[in-house]
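One structure is given below, encoded as structure tokens.
The values are calculated or read from the model by the stated rules, or taken from the named source; none is laboratory data. Keep in mind that what you see is a predicted model, and the values were worked out from it rather than measured. Don't worry about glycine lacking a Cβ; one is built from the backbone with ideal geometry, like all the others, and counts go over all protein chains shown.
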């Protein structure tokens, strides 16, 4: 049995990690920690985690986190490095925060306003070379939820050299992506019946991460215009991604590139022609639904992808990466089927 | 491996059965049938069931359903008897419809307007004697979703003789309980932002089933006033149930009755004092959350229960009952944790 | 032109008051005040109130509120008395808070935990004698949102002497009724896809107000079991109310009582037989939809009513009462049509 | 009093027209017609229109529609020409359908598959020259809901010559835009908790209408990549629109262009810097909220606009255009304030 701990377990990412770990046949759950919620019963904040009834959040300290095979971090940005430094190389540390995702220290500082902590192996196995980078890893940076949806949507187009390096992405997200801290604009009264954009004009922190991924695949810098949109649902990201098609690209060539890229991926489903992804179909699962089209009038490749932001977009990606790092079956403890409707 | 079939698999109950069976380690899925949707790809109608990609709905015929160990029926009311008659006693038939739930032929005729087909063992193991009645059964009638939520809410009060035999129930339900047939009042535009009652005045078909259960527990006829309310969510039932307290009943005695009734039930959680059930916490799980209070001014026992109408309220209850009937571990393939938020 | 002020205008009740006053042809808007939000632009907190762009919330002080014909108070409970004391009898004060609703000082203290401030004329003109009590009034206590929905649902039954004095009410409410203060359980992620009860067991503060109204109509004490349920919509209350029918009550007599009670009420619509109220149909309007049924098996009268909690349930009721007090046409500035779907 | 009729009044556009006309002080409502719903009570299908209780839908015939000053058509595409032909030039015909919007017969045929009926004055007064074209008009083509949101978002950028002629638009829409016909994918169970794109790859019928508008403003052909996304709300469109900025464009120049374009528009609000549009703030109103940003890294102008698809996007635009055509105050009967939250 792999012994796991979750630090920062009172939020949505932490709750989803616990949900998946409770259903994972190869792990047991050790420490479950929180910051201001330390001392409170787990099920007071996570009432859906019935099997943890009777347990209490511990404080996030090195002593509490010591002695686990795997420690998942679901902490606010900027706190992971200090915690990880206390955990030896014998411990697999899987960071759901942003701290170790970006390679460019300048980009990190521009978007996060603090010193760059470094770069860890990136937990998106479906990217070219992604799976290999995770085998045996002892430190993993789980991708952001938007970068997961967008990178998997556009990777085959850039990998096959079909698109100009100028991507435009508008992604609708459920509210859990904004976290569990009580803020007025996230109240149910505000979000139900309303859609709104945020981070407009290239200011969202996931923008450089998306550009980093696409540029690596394309082999040249890809400019990314990214606008996230908050829509009235608790979970899910629907990413609508487009880029100018290079001259001569055909719809058949485009679809072939996607079929080839994802033929053997257990968690990526290229939908049959004519069927569009919906986030509802992947709720609670680690699955990515993708559909691709060529708009010949506008001259653009248009790709739509759907994920559950908390599962494949965060905790599911973390567990999948852990499985690979530890040599377990990649899909252990992860659902392919969504909870729908 | 137990070989299962699902008849009527293109609707919501059928889809949930398939979702659970796909995750059940002791079964394999054989025939998957539909009526007007026969011939269509399964994932065209159930896009969340990715592992069934490539399969097509077959027609619901005796030939197609033959040769399975278990056949689940998710058919419109009135069709189950004819299908079951073609399946020998060697086959376990689990009916998610209403046909075999009521014992009183007159009540059946009054509420369903057709001839009574009979009565099968009732798939609610948490009721007194319920588990025993299912062991080795070859025919099982899965309870209605509202009767599941209401009967488990009030059973301890009536079982311990604490309440007058006059229950008042108002239950809020998500829209999947109304099925997948396209009707104008079930359009998203109509249901989002709106709550409405239906079946008002004792006309909902689940009323006699609730009364049958409560009367059996109380050992005398229990009158039931039941009003279902449609609220804007896809899944979930929140049942608010009350009955006059008998003279001398105390809050402590009441809570003790509930603690005793559910101490060993794997799928029923009496919440800690001060915590109220919410349907979101049980989404996708087979869990029932229950809380009980004594209103001393009004002189009433008030019990609130939350279930997922498609899981514990239909398909989860069906799988749980199948497990008991076949001698498998009762919780096999069923989640205790909900998918929240 | 009647000059109006709104104190506590940054919340939901205050915002709805401003929306209605902006559309009212007989008033102009003077002071618009807030507490912690004083100094912020009105449209930063109330972006839907475009005509107030450029205005800033003032502080809630006697100086700022002086010199208006009408002052609406949308303050936290317990603050209205002090503010009203500074406003002379020449000013009509309309209090949307609870402070002056209850007649029984003991009930006030039990439910609100502070000293009783007194009782003002009650702003529910559709109750027997209600309209007369408001004519020329200089102080008005606007009813709670639940008491509005419930009292209008059951008033004809008790007024005509058809029901036993033991009412059971379960009311589904949108989240705006819980206010705009950011609390974790009111986050969109928590409320979407979930229903939950609160104030269970007779503890909700609107319980004695409902009992006070029904008892006055019935002419004897009415016991009330009241359970509010939070459902995923921003606005609306659907109240399902029932009481045992007195012996000999018929469905015809029941319907006649309701037809008679509401035949001339501009804002109460008894729906045609067979049509149930839905909160969506009254969104943004001052209208109450009512339907009534007799459940002969359970022996209960069942009444369902729908209102918009912010309009008829708060700000619309306040404006309607102001109109009556000032001798203006009762419906001025109030919509009868809802914004649906 | 202007005497109006609404043809096709049982759907969402027709219902919204009736709602607005009921609140319009300068009109009275004559014929209210439907197709398959003819003979049914208006409030059975439009329960929010309480003042029309007692009225019945008539059939859509020339006789019924004769004798009105204004006839609004809310008919399926392709039916307006025949109805309009029966109405003399003395009657103002306002068509909410698509039939007379496109100038290019080839585009019409490509997207609608039928013969082109012609082109009428276009009901979007905020476009350059738009208001003048409507004065005294006897035939008006109301714009599509998406073209309204998108054209007003990008018009100032193209009007001031700041953007390359290659626009990318992703617009989130509430479900009422898809109409009231009961289709399985529009069920509440399907749309709640789920976002999905449709008409992907340039196939949505509003694409050529958007391109027509933007090209006219830019004075050269503008290529448009348009993807609509269905999100879980009944009303509202949030359009995220971008185009490459021409060299040398600054954020200040961009904002100035928008301030200048909309300074005097009663229904278009350029929000203060830092505030993003949300559809909830414009629900039920004729208001358009707009915000603009320059993404200097991606080199793109990004504009977000919010409208209510049924009000400004359909029925409100129709009434506003009628007001202009008849010489009434442009805003008569139209709300500037939204119903929020």
Here is a list: B:263, B:257. Which entry is over 23 Å from residue B:144 (Cα atoms), touching a residue at least 60 places away in the same chain (Cβ under 8 Å) and out of contact with any strand residue (DSSP E or B) (no Cβ under 6 Å at 6 or more places or on another chain)? B:257
Restricting attention to segment B:172-217, which residues are in contact with a helix residue (DSSP H, G or I) (Cβ under 6 Å, 6 or more places away or on another chain) and more than 7 Å from every other protein chain (Cβ to nearest Cβ)? B:177, B:178, B:205, B:206, B:208, B:209, B:210, B:213, B:214, B:217
Any chance segment C:88-97 includes a residue that's in a loop (DSSP other than H, G, I, E, B), over 18 Å from the mean Cα position of the chain (by Cα), within 23 Å of residue C:144 (Cβ to Cβ) and at pLDDT 95 or above? no
Please go through segment D:142-171 and pick out each residue that is away from every other protein chain (no Cβ under 14 Å), farther than 22 Å from residue D:320 by Cβ and not in a helix (DSSP H, G or I). D:160, D:161, D:162
Looking at residue C:254, is it facing another protein chain (nearest Cβ under 9 Å) and either part of a strand (DSSP E or B) or within 30 Å of residue B:166 (Cα to Cα) (or both)? no
Would you point out the residue of segment C:300-309, among those that are more than 7 Å from every other protein chain (Cβ to nearest Cβ) and touching a strand residue (DSSP E or B) at 6+ places or on another chain (Cβ under 6 Å), that is farthest from residue C:335 (Cα to Cα)? C:301
Residues of segment D:298-334 being part of a loop (DSSP other than H, G, I, E, B) and in contact with a helix residue (DSSP H, G or I) (Cβ under 8 Å, 6 or more places away or on another chain), which ones? D:308, D:309, D:310, D:328, D:329, D:330, D:331, D:332, D:333, D:334
Do you know which residues across segment C:276-297 are within 12 Å of chain B (Cβ to nearest Cβ) and part of a strand (DSSP E or B)? C:278, C:289, C:290, C:291, C:292, C:293, C:294, C:295
Return the pairs, sorted by first residue and then second, in which the second residue is at pLDDT below 95, the first residue lies in segment C:289-314 and is closer than 18 Å to residue D:43 by Cα, the beta carbons are less than 9 Å apart, and the residues are 6+ apart or on different chains. C:289/D:50; C:291/C:273; C:291/C:274
Look at segment A:74-97 and say how many of its residues are out of contact with any strand residue (DSSP E or B) (no Cβ under 8 Å at 6 or more places or on another chain) and either crowded, with 19+ Cβ neighbours inside 10 Å or within 25 Å of residue A:136 (Cβ to Cβ) (or both). 7
Tell me, which residue of segment D:172-197 that is assigned to a helix (DSSP H, G or I) and within 17 Å of the chain's Cα centre (by Cα) is farthest from residue D:8 (Cα to Cα)? D:175
Could you grab me the full set of residues in segment D:218-248 that are part of a loop (DSSP other than H, G, I, E, B) and within 13 Å of another protein chain (Cβ to nearest Cβ)? D:221, D:222, D:231, D:232, D:233, D:234, D:235, D:236
Is it true that some residue in segment A:258-267 is over 22 Å from the mean Cα position of the chain (by Cα), more than 9 Å from chain D (Cβ to nearest Cβ), under 28 Å from residue B:46 (Cα atoms) and not in a loop (DSSP other than H, G, I, E, B)? yes
Can you confirm whether segment B:131-141 contains a residue that is under 30 Å from residue B:36 (Cβ atoms), away from chain C (no Cβ under 13 Å) and crowded, with 24+ Cβ neighbours inside 10 Å? yes
If you scan segment C:310-341, which residues turn out to be surrounded by 24 or more Cβ atoms within 10 Å (Cβ to Cβ), within 11 Å of chain D (Cβ to nearest Cβ) and within 20 Å of residue C:151 (Cα to Cα)? C:310, C:311
Kindly establish whether residue A:273 is at pLDDT below 95 and more than 10 Å from every other protein chain (Cβ to nearest Cβ). yes
Of all residues in segment D:198-214 being assigned to a helix (DSSP H, G or I) and touching a strand residue (DSSP E or B) at 6+ places or on another chain (Cβ under 7 Å), the one that is surrounded by the most Cβ atoms within 10 Å (Cβ to Cβ): D:214
Could you please let me know if residue A:161 is farther than 30 Å from residue A:116 by Cβ and over 17 Å from the mean Cα position of the chain (by Cα)? yes
Out of the residues in segment A:1-25 that are surrounded by fewer than 20 Cβ atoms within 10 Å (Cβ to Cβ) and away from chain B (no Cβ under 14 Å), which is nearest to residue A:322 (Cα to Cα)? A:2
Can you list the strands (runs of 3 or more DSSP E) found entirely within segment D:1-80 that contain at least 3 residues being touching a residue at least 40 places away in the same chain (Cβ under 8 Å) and closer than 17 Å to residue D:95 by Cβ? D:2-7, D:70-73
Would you mind stating whether residue A:148 is in contact (Cβ under 8 Å) with a residue 12 or more places away in the chain, under 20 Å from residue A:33 (Cβ atoms) and either surrounded by fewer than 24 Cβ atoms within 10 Å (Cβ to Cβ) or touching a helix residue (DSSP H, G or I) at 6+ places or on another chain (Cβ under 9 Å) (or both)? no
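For every residue, the table says whether it meets (1) under 30 Å from residue A:154 (Cα atoms); (2) at pLDDT below 95; (3) buried (at least 23 other Cβ atoms within 10 Å of the Cβ).
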residue: A:32; (1), (2), (3): no, no, yes
residue: A:36; (1), (2), (3): no, no, no
residue: A:43; (1), (2), (3): no, no, no
residue: A:48; (1), (2), (3): no, no, yes
residue: A:64; (1), (2), (3): no, no, no
residue: A:99; (1), (2), (3): yes, no, yes
residue: A:108; (1), (2), (3): yes, no, yes
residue: A:126; (1), (2), (3): yes, no, no
Matching residues in segment A:112-133 - criterion: being without any contact (Cβ under 8 Å) to a residue 12 or more places away in the chain and part of a loop (DSSP other than H, G, I, E, B): A:113, A:115, A:129
